[in-house]
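Just below is one structure, and these are the notes that go with it.
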Amino acid sequence: MPEIALSQAPAHIRMGSSIGQSLTRREGVLKTTGTARFAADNHPPGMVYAVLAVSSIARGRVTSLDVAAAKAHSGVIEVMTPANTPRLAQDPDAKLHPFMFRIEVLQNDTVRYVNQPIAVVVAETLEAATEGALLLAPAYETEPARTGLDSNDSFIPQAVGAGGPAEETHGDVDAGLAAASARIEAVYETPAQYHNAMEPHSVVAAWDGNTLSLDMPTQAMAMTQGRIAGLFGIAPEDIHIRSPFLGGGFGSKALGSGPQVLGIIAARLVGRPVKLVLRREQMFGPVGHRAPTRQTMRLGTDDQGALTALSHHVKTATSTFDDFIEPAANASHALYASPAIKTSHEAVRLDTGTPLFMRAPGEAPGSAALESAIDEMALACGMDPLAFRLKNYAEVEPMSGKPFSSKALRQCYEQGAERFGWAARPLAPRQMRDDAGMLVGWGMGTAVFPALMFQGHARAVLRQDGTGVVEIGAHDMGQGAWTALAQIAADALGLDPDQTEFRSGTSDLPDAGIAGGSAHTATAGAAIHDAGGDVIAKLADLATGDQRSPLFGANNAGVIARGGRLYRRDDEARSESYTDILTRAGHAEIEGRGTGASDPAALSAYAMYAHGAVFAEVKVDPDFGQVRVTRLVGAFAAGTVVNPRMVRSQYYGGMIWGVSFALHEHAVMDKRTGRPMNPNLAEYHVPVNADVPNIEAILVEERDVHVNALGIKGVGEIGITGTAGAIANAVWHATGVRVRRFPITLDQLIGA
Amino acid sequence: MNRFEYARPATLAEAVAAGAVPGAAYLAGGTNLMDLMKGGVMHPGHLVDISRLPGLDRIEWLSDGGVRIGALVRNADLAHETKFARQFPAVAEALLSGASAQLRNAATVGGNLLQRTRCAYFYDTASACNKRNPGAGCDAVGGENRLHAILGWSEHCIATNPSDFCVPLTALDAVVELQGPAGRRAIPLETFHLLPGSTPERETMMQQGELITAVCLPAEAARFAGNARYLKIRERTSYAFAVVSAAAALRLDGETIVEARIALGGVALKPWRPRTAEAMLAGARPDPAVFNRAAETALAGAKASGDNAFKIELARRIVVRALALAAAGTPERVPALPASPFAGAITHA
């Protein structure tokens, strides 16, 4: 394997033996045989069941609950209402930092949104608890629900997304538009969407005094541990979370949801372990969603097709009691070179649950609007959409002027276009038909996602028997962390994967940081790499300082670790096994520690993003407007590819999510009541296999020596960006009809 | 209290007796009833499990050339019965366009006829629904109703019947056989489902205790085998209910239509059979202008019940296309994407 030269890598670690290999999932057999244990599969002795009763109204107050009827039902142990819910150590409506979201845990009788928990019934069986919850028959004092983007006054939020400014400006947009020789202005709308992970939110909670044992899916064990510790007034280390597998999270399982906290409270109240699992429809409220957006794009170009101004304004919604502002306009920050860029946000407060990070928060709806608008601007300039994008290719980050740490977007465009056959695309719409008479259209979009890192920690051990252990509390959400991180671990220790024990998925292991922001492999991987470097350095010290070692006299930088041996870099004929080194030194094992985090110096010097180009072919029935995406080609450059199989799978998943965004996903809300009318997977459509018959992901080579020691960028979310716009653009190219309201439904195309 | 008695009678007579108790419901495949019970939409006091009743799971070819399909024949088994699919290809295509493979393996012929509407307000027990709770009102009126009825609706109910199977069956003059406390009777499928009027809670002609024992297709229905199609517009390529659908079947003599059959799905609370449009086609040439006129006639009485005016035009167009596809001839095999517009050639002008 070629040695990967990395500026920040400890010189004695030779990467590439395991990294880069398409290993299959280590937990694959468990999952395909149904023996992987997810949180709700646990059943500790004495466990009872908790079921939520949720509000059917969006706004008002619960005036009565028939607690007596529920309690009289056979098997019901306790009914938790605001009247008897134990007080928490911390106000659930407190917001001490931006990542702390207010939750509904029966603190009072106020109803703030549909499907808000209003009581919890605990019973010996799931059936008894379910029946008990039905018997509560709540009565309400109802106030009118505010349900649409125009149903309340708007305000300028203090921050958007994870804390960015609501408005950012570079250059003079008004002047740029005034000077433009071609201009477009268009308004795009995207609907409310719900994460709908396959696995519903769940918790199995067991108290032992002030020690709390939790089986629950979480994308951020340490943060969840801290949140729960604060709410219950106990030490974080007295909370033991097991979260080996998540059945998807997509941002909705990062922070510890209200319902999960209610399960923990219930366990304390009844003095027995409690299991609480949400029903599908209960996921449409208390566990986050993506807010709807209305996005106004204004673009101008000079007579050569170069952008003179790009303005992206977003109106979105948050709840009446907390702030999460979908940072959709920020999608326009990094892609296209324009001397003037302005992004801005406004929001309205609606009677919904608080929106939350949802896979590509901001980027997904923002990209859909931006890439559609770029297509419209290219048309106004009479230019091919790819040529227009290349004309406006950003050589430096447009807003900051910083150079990119790496950017292989040109190669993405080239390889994607070549594979797709883009060169044969007619410029005008409605020019192509297939043999069956279907309208055929080709569209493209650019994908971009920031290369982020949180902070993570890892522990690495080398044992005298020549095996190693790496420990990190990482999160496998289905993306393959168990596998990819184990590959990094093996390389970090200079061992084969089968000699490396990889321990993960519990909160007593070192904090791996959040599995979000497409940052998990980079963060946890860098921590593992650092921990491996630390323990190998200790091993090298033992060898190079010992006259009896063939490595005596070689300094640390002069050895590399591979296959359970240290080699002199300048003379690989001289080497010694880990076992020999540790045996002679009399150590049963030695340990190293490591941290993964962004390098502040690199962050201030470079703009860091993964990029991609997505090409879509759609067929549209000319009479019915029914759309099918018949071909999708995505070419992505995201630094080091740890496991091509997992990475490709992430790109596929992201691109299919993009299909869903473009054509399917849509929470249908009754405007009068605020009730979600399709809270089930029969009616909340996501693509089925027949909707994605042909999908390809090209892994474009890219090396980045600045993002982190391993050169890893994220791949979890970028596939969504670019794709929704590419499909919208392909629909236009097929039909000549520009649909600006997502999802693109057939009623908007009839008459095409 | 969601308590119910569960019985699994051994004979048809016992089943009918058990089903005659007020509040009783028959359970066969359970693909719809179980969901409705879990969602609190239906609360039968007695569940009469007929899934193992003997003799109702057979496909019988009658001496006159017709076919009698037992009520417990699974949707998948019927669709994959070679002779049936050859004689009644539009029915097989409709079956295979419905739900998912797993559901088709469980769902029965009789149950398909009795599946409830997919109106979200019917499923949402916090909403008013005259079907669920007669006299409560209809929250679908003025609500999220872009997929609701355009024909035969009333201010009391704007829901649609979701069945694919029933659409070609209606076009082909299928007859429903019932066994009840008062004996056996047969009802044409065309009149089996009721329009809502002021009693949307009454959905079929069935009386309490009556049980569907079979669905019959007459021998004449097989005469359309060479020119019969089902076409279904969906909001995703598979595993979705119809926005609108149409069955079209023609008997041709050279360049002349001898007899035409049309039925529409997803437009009303019952499969819609526009007989006037059918009559217009008899004796005409199978060309686009003729089909357009027939489609106009078929939708002449259509009226939006909310944000669904687009469905009128869509329904008109699907009639034209289904007729054109039928005229072009039944394909040798059921397409890989059954009933999908993406399944094959568009043969319109």
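The values are calculated or read from the model by the stated rules, or taken from the named source; none is laboratory data. These numbers were taken from a predicted model, which means no experiment stands behind them. Cβ: placed from backbone, ideal geometry, glycine included. Neighbour counts: every protein chain shown. These area figures cover heavy atoms from the full protein model, side chains too; ligands, DNA and RNA do not enter into them. Shrake-Rupley method; radii C 1.70, N 1.55, O 1.52, S 1.80 Å.
Per-structure values
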quantity: J(HN,Hα) series, segment A:411-421, from Karplus relation 6.51 cos²θ - 1.76 cosθ + 1.60, nearest Hz, glycine and proline x; calculated: 5, 4, 4, 5, 5, x, 5, 4, 5, 6, x
quantity: Cα convex hull volume per residue for the protein assembly as shown (Å³); calculated: 180 Å³
quantity: Rough spin-label spacing in nm, given labels placed 7 Å along Cα→Cβ, for residue A:671 and residue A:235; calculated: 5.7 nm
quantity: Total formal charge among the other residues, if their Cβ is under 14 angstrom from that of residue B:283, Lys/Arg +1 and Asp/Glu -1; calculated: -2
quantity: Per-pair calculated FRET efficiency, R0 = 25 Å: residue B:225 and residue B:279 via Cβ, rounded to 0.05; calculated: 0.70
quantity: Long-range amide H partners of residue A:501 with built H, under 5 Å; calculated: A:468, A:469, A:470
quantity: Distance-filtered residues of segment A:537-574 - backbone nitrogen under 18 Å, label point 7 angstrom along residue A:496 Cα→Cβ; calculated: A:561-567
quantity: Integer Hz, Karplus 6.51/-1.76/1.60 couplings in order for segment B:150-157, x for Gly and Pro; calculated: 10, 9, x, 8, 10, 5, 8, 6
quantity: 3J(HN,Hα) from dihedral phi, segment A:494-505, Karplus parametrisation 6.51/-1.76/1.60, rounded to Hz, x for glycine, proline; calculated: x, 10, 6, x, 6, 9, 10, 8, 10, 10, 7, x
quantity: Residue-averaged beta-carbon neighbours from other chains (10 angstrom radius) around A:429-441; calculated: 2
quantity: Residue-count net charge about residue A:111 - beta-carbon cut-off 11 Å; Lys, Arg +1, Asp, Glu -1; calculated: -2
quantity: The protein assembly as shown, dipole about Cα centre (Lys/Arg Cβ +1, Asp/Glu Cβ -1), debye to the nearest 20; calculated: 1740 debye
quantity: Per residue value of the accessible surface for segment B:253-349 (all protein chains in place, 1.4 Å probe), Å²; calculated: 40 Å²
quantity: Principal axes of segment B:225-341: Cα extent on each, largest first, Å; calculated: 42, 34, 22
quantity: Reach of residue A:31 by Cα under 15 Å, taken over aspartates and glutamates that are not fewer than 8 positions away in the same chain; calculated: A:41, A:199, A:476
quantity: Principal-axis tilt of helix B:288-298 within chain B, Cα atoms, nearest 10 degrees; calculated: 30 degrees
quantity: Cα centroid separation - segment A:92-108 against segment A:69-91, whole Å; calculated: 20 Å
quantity: Virtual spin-label span in nm between residue A:99 and residue A:605, 7 Å along Cα→Cβ; calculated: 2.7 nm
quantity: Peptide A:623-635 - average C-beta neighbours from other chains (10 Å radius); calculated: 4
quantity: Residue A:118 long-range amide H proximity, modeled H, under 5 Å; calculated: A:53, A:54, A:55
quantity: Dipole moment magnitude, nearest 20 debye, chain B about Cα centre, only Lys, Arg, Asp, Glu C-beta charged; calculated: 320 debye
quantity: Within chain A, percent of DSSP bridges classed antiparallel, to nearest 5; calculated: 75 percent
quantity: Highest-first arrangement of A:622-634, B:267-279, A:381-393, where packing means the average Cβ count within 10 Å; calculated: A:622-634, B:267-279, A:381-393
quantity: Distant-in-sequence amide H partners of residue B:213 (H built 1.01 Å from N, under 5 Å); calculated: B:177, B:178, B:179
quantity: Chain A, helix-only ellipticity at 222 nm - DSSP H runs n ≥ 4, -39,500 (n - 2.57), divided by all residues, nearest 500; calculated: -7000 deg cm²/dmol
quantity: Segment A:640-664-segment B:305-337 distance, computed between alpha-carbon centres (Å); calculated: 34 Å
quantity: Cβ-placed point charges (K, R +1; D, E -1), dipole of segment B:225-341 about Cα centre in debye, nearest 20; calculated: 320 debye
quantity: Among B:29, B:265, B:40, residue whose mean-square fluctuation peaks in a GNM of chain B (springs only between Cα atoms under 10 Å); calculated: B:40
quantity: Subset of A:71/B:131; A:407/A:619; B:83/B:270; B:131/B:232; B:270/B:303; A:71/B:38 violating a 24 Å alpha-carbon distance limit; calculated: A:71/B:131; A:407/A:619; B:83/B:270; B:131/B:232
quantity: Cut-off 20 Å (backbone N to label point 7 Å along Cα→Cβ of residue A:71), residues of segment A:42-62; calculated: A:48-54, A:62
quantity: Sum of side-chain charges, residue B:313 neighbourhood, beta-carbon under 10 Å (Lys, Arg +1; Asp, Glu -1); calculated: +1
quantity: Centre separation in Å (Cα based) which lies between segment A:286-345 and segment A:501-555; calculated: 41 Å
quantity: Nearby lysines by direct alpha-carbon distance to residue A:315 (threshold 23 angstrom, same-chain neighbours under 8 apart not counted); calculated: A:342, A:671
quantity: Shielding by partners, peptide B:121-127 (average Cβ within 10 angstrom, other chains); calculated: 5
